[in-house]
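Asks: Below you'll find the structure I mean.
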Amino acid sequence: MTEVDNAAIRREGMSMAGMFEKYGLIVFLALLLVIAAVTSPAFLGPQNLVNVLTIAAPLGMVVIGQTFAILVRGLDLSVASLMATVAVLATAFKATDDSVIPLIFVAAIILSAMVGLLNGWLIAKRGVSPFLATLATMIILQGARFAYTGGAPISTLPPGMAWLASGRVFGIPVNLLALAILAVFAGVLLHRSRIGRQIYMVGTNPRAAFLNGTSPERITILCYVLSSVCAGIGGLFLLGYVGTVSNWVGQGYELDSIVAAVMGGVALSGGRGTIVGALLGVVVLVVISNLVLLLGFPIEMQEVIKGVIIIGAAAFYRQRLM
């Protein structure tokens, strides 16, 4: 076999791999929807589809933020704890008037930005690993919540919070519209702005980004602020769905957001991934979880599936980079 033939085979293999990377998740999602419809007719029921979308929206918001953290070679384990803390903050106003909701959002965003600044400062300025920095923040937030609530659930919320989770505008769920707006903003920031190009540069090669005039520290801090703000907003929308604030609102979202992002093509090594891909990962993860419940499998099966997804995605990206 000649060198020309070998080169052609390599090009074909690279082309096939590229096609699989680009469209593989879409094909998998389509097959998954067909399997879900065949094995559980209840899956296609209007109420079940509404439930799927309602559950997917807050997770999608968190995943958008998690994507920014992963793109700069990090991860954010504090997102779930921040969601619960924001939920507790919402009850601290002790308001039953919907006019207070904008103030709740402003306070939640400010708190979330402060948490993101702390995470980013620890990672970018002090050299703490993303795992340890965000784990420490998670524990601090958890301790603060329990100190404030004493571990008891709280239900003093403006009635409009429930509308954020279950309301409709022209038949479209409000939280889904909010997710779309957040996704468009994030997509434009990543793919149509100078900051987005800098984020990808820092994730791909921080040293080269620095030599090109970009501050890796500044970009890293910004990404963690965005991650926390998205988690805070997601926490408020999830709060409207749950209705009662406990210290564990959003529990498990730190793992789910990482799994969905990685499954959607956001590389753990940084510098590669899109918002659209990450949100496709959210849909796949939520459909799998919903199907597991509809088929009557134990809830623990969801954790097994997530673990398999992590291993498979990590193996795929490892092989691709070799």
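The values are calculated or read from the model by the stated rules, or taken from the named source; none is laboratory data. Keep in mind that what you see is a predicted model, and the values were worked out from it rather than measured. Backbone-built Cβ (ideal geometry, glycine too); neighbour counts: all protein chains shown. Please note that ligands, DNA and RNA were not included when accessible areas were found on the heavy atoms of the full protein model with its side chains. Shrake-Rupley method; radii C 1.70, N 1.55, O 1.52, S 1.80 Å.
Asks: Please report, largest first and rounded to whole Å, the three semi-axes of the ellipsoid equivalent to the range 53-190, where each semi-axis is the square root of five times an eigenvalue of the C-alpha gyration tensor.
Replies: Here the semi-axes work out to 26, 21, 12 Å.
Asks: Sticking with this one: Hull surface divided by four, with the convex hull built on the Cα atoms of the range 184-275: how many nm²?
Replies: 6.7
Asks: Which value, in Å², gives the accessible area per residue of the range 74-186 when a 1.4 Å probe is used on the protein heavy atoms?
Replies: For the range 74-186, the solvent-accessible area averages 47 Å² per residue.
Asks: Also, quick follow-up: Going by average Cβ density within 10 Å per residue, which order do the peptides 43-50, 209-216, 287-294 take, highest to lowest?
Replies: 287-294, 209-216, 43-50
Asks: Where the convex hull is taken over the Cα atoms of the range 140-206, what is its projected area averaged over directions, in nm²?
Replies: 8.1
Asks: Based on the Cβ-Cβ distance from TRP163 to ALA113, what FRET efficiency comes out when R0 is 30 Å, to the nearest 0.05?
Replies: Approximately 0.75, to the nearest 0.05.
Asks: Which peptide among 67-75, 119-127, 187-195 comes first, and what is the full order, when sorted by highest mean count of other Cβ atoms within 10 Å?
Replies: Ranked by mean Cβ neighbours within 10 Å, highest first: 67-75, 119-127, 187-195.
Asks: With Cβ to Cβ distances under 13 Å as the rule, what net charge do the other residues near VAL79 carry (K, R +1; D, E -1)?
Replies: Its environment carries a net charge of -3.
Asks: Which ³J(HN,Hα) values in Hz, rounded to whole numbers, follow from the phi angles of the range 32-39 under the Karplus curve 6.51 cos²θ - 1.76 cosθ + 1.60, where θ = phi - 60° and Gly and Pro get x?
Replies: Ordered by residue, 3J(HN,Hα) equals 5, 5, 5, 4, 4, 5, 6, 7 Hz.
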